[in-house]
Amino acid sequence: MRGRRVALVPLAVTTSTKVDAALVREARAVAARWSVPFLPRRAKESVAPWLGTKAAALLVVGGDGVTLWDAEGSFGFHAGMAHLRRMRLREGEQDAFVRVAELRAGDAVLDCTLGLGQDAMVASLAVGPTGRVVGLEASLALGAVAGEGLRRYALGEDSGPIEVVHADARAYLKTLPPRSFDVVFFDPMFARPRKAQPAFDMLRRFAEHAPLTQETLAEGRRVARRWVVVKGAKYTDDLRKLGLADEPGSRFTDVVWGRVGPLPEP
């Protein structure tokens, strides 16, 4: 008699090899937060055979946080350049995102493409404890690893909270009332990879690759009170296709920024 085939799940949670009761409880809590299965793991058991048989990707919970694994590699959340940008902001230096969006204390920011959470972390400091940041991520795997990483990262008392929501931005925007966020932000997946991000290969494997459309941009303008900000790649027509002009910025970066105001009130 043939054995019953086990269905492959898109994402599951397990523990690191150093299994103990506290780690199992934490891993089960992560699984519950993201509504994905928990797979018990024996001490020193490899998860490599699970990838592609039990799950397409795994969140591995260990003493050093949560790591996302797939058959091609792994990524553990880290603040990366966001940590340096936050340090510079605290020292009074300018940040391109904060400048273009004109972020200020008390603002509500909707990051429609959370990814690794870098710009959301900068925004959380710019808006301060009286503001808030909501980060949307269409990929459950990326949303979960970023969300769990942000839960464990000490933003500090000078920063606003970051709420991570697993949602498609196009659909989510349509549920919001007009003028419900000060700034709406889009960072669509670049057609040309950026070498500066150490985890960018994994990001590209999991991220939403659909381009930002005029329809979604218009929904962002309906929701925004001040600006819709779009990040693009230099030497491409990313922004021009959306009718946006590059904002003045440094010539030493491969990133360009565009912005547009809210739709006129009816």
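The values are calculated or read from the model by the stated rules, or taken from the named source; none is laboratory data. Bear in mind the structure is a predicted one, so any value in this text is a computation, not a measurement. All Cβ positions, even for glycine, are placed from backbone atoms using ideal geometry, and neighbour counts span all protein chains on display. Note: accessible area is taken over every heavy atom of the protein model, side chains too, but ligands, DNA and RNA are not part of it. Shrake-Rupley method; radii C 1.70, N 1.55, O 1.52, S 1.80 Å.
With the structure loaded, tell me whether Arg33 is free of Cβ contacts under 8 Å to residues at least 12 places away in the same chain, in a helix (DSSP H, G or I) and either under 21 Å from Gly149 (Cα atoms) or open to solvent by 70 Å² or more (accessible area, probe 1.4 Å) (or both) or whether it fails that test. Against the criterion (free of Cβ contacts under 8 Å to residues at least 12 places away in the same chain, in a helix (DSSP H, G or I) and either under 21 Å from Gly149 (Cα atoms) or open to solvent by 70 Å² or more (accessible area, probe 1.4 Å) (or both)), Arg33 does not qualify.
Just name the residue that is farthest from the chain's Cα centre (by Cα) out of those in region 63-77 that are open to solvent by less than 80 Å² (accessible area, probe 1.4 Å) and under 17 Å from Leu150 (Cβ atoms).
Applying the first criterion (open to solvent by less than 80 Å² (accessible area, probe 1.4 Å)) to region 63-77 yields 65-68, 70, 73-77.
The next check asks that each one be under 17 Å from Leu150 (Cβ atoms); those that pass are 65-68, 75-77.
Working: Gly65: 17, Val66: 15, Thr67: 15, Leu68: 14, Phe75: 13, Gly76: 13, Phe77: 11 Å.
The qualifying residue farthest from the chain's Cα centre (by Cα) is Gly65.
Considering region 128-143, and only residues there that are within 22 Å of Pro262 (Cβ to Cβ) and in contact with a strand residue (DSSP E or B) (Cβ under 6 Å, 6 or more places away or on another chain), the residue that is surrounded by the most Cβ atoms within 10 Å (Cβ to Cβ) turns out to be Val133. Anything in region 247-266 that is in a loop (DSSP other than H, G, I, E, B) and surrounded by 13 or more Cβ atoms within 10 Å (Cβ to Cβ)? List them, or say none. Hits for region 247-266 are Glu247, Gly249, Asp254, Pro262, Leu263. Among the residues making up region 99-122, those that are outside any loop (DSSP other than H, G, I, E, B) and either open to solvent by 20 Å² or more (accessible area, probe 1.4 Å) or not aliphatic (A, V, I, L, M) (or both) are Arg99, Asp111, Gln118, Asp119.
Among the residues of region 150-179, those identified as under 13 Å from Gly117 (Cα atoms) and either surrounded by 22 or more Cβ atoms within 10 Å (Cβ to Cβ) or among the aliphatic types (A, V, I, L, M) (or both) are Leu150, Leu155, Ile162, Val164, Val165. Scoring Arg90 on the criteria (1) open to solvent by less than 20 Å² (accessible area, probe 1.4 Å); (2) modelled with pLDDT of 95 or more leaves a single failure, condition (1). Here Ala146 passes the criteria (1) open to solvent by less than 20 Å² (accessible area, probe 1.4 Å); (2) closer than 22 Å to Leu212 by Cα; (3) in contact with a helix residue (DSSP H, G or I) (Cβ under 8 Å, 6 or more places away or on another chain) except the one numbered (3). Tell me, yes or no, whether region 51-59 has at least one residue that is closer than 21 Å to Ser180 by Cβ, crowded, with 22+ Cβ neighbours inside 10 Å, within 20 Å of the chain's Cα centre (by Cα) and in contact (Cβ under 8 Å) with a residue 12 or more places away in the chain. The answer is no; no qualifying residue exists.
Conditions (1) out of contact with any strand residue (DSSP E or B) (no Cβ under 6 Å at 6 or more places or on another chain); (2) in a helix (DSSP H, G or I); (3) modelled with pLDDT of 95 or more, marked per residue:
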position	(1), (2), (3)
Met189	yes, no, no
Lys195	yes, no, no
Leu203	yes, yes, no
Ala210	yes, no, no
Arg222	yes, yes, yes
Val229	no, no, yes
Gly232	no, no, no
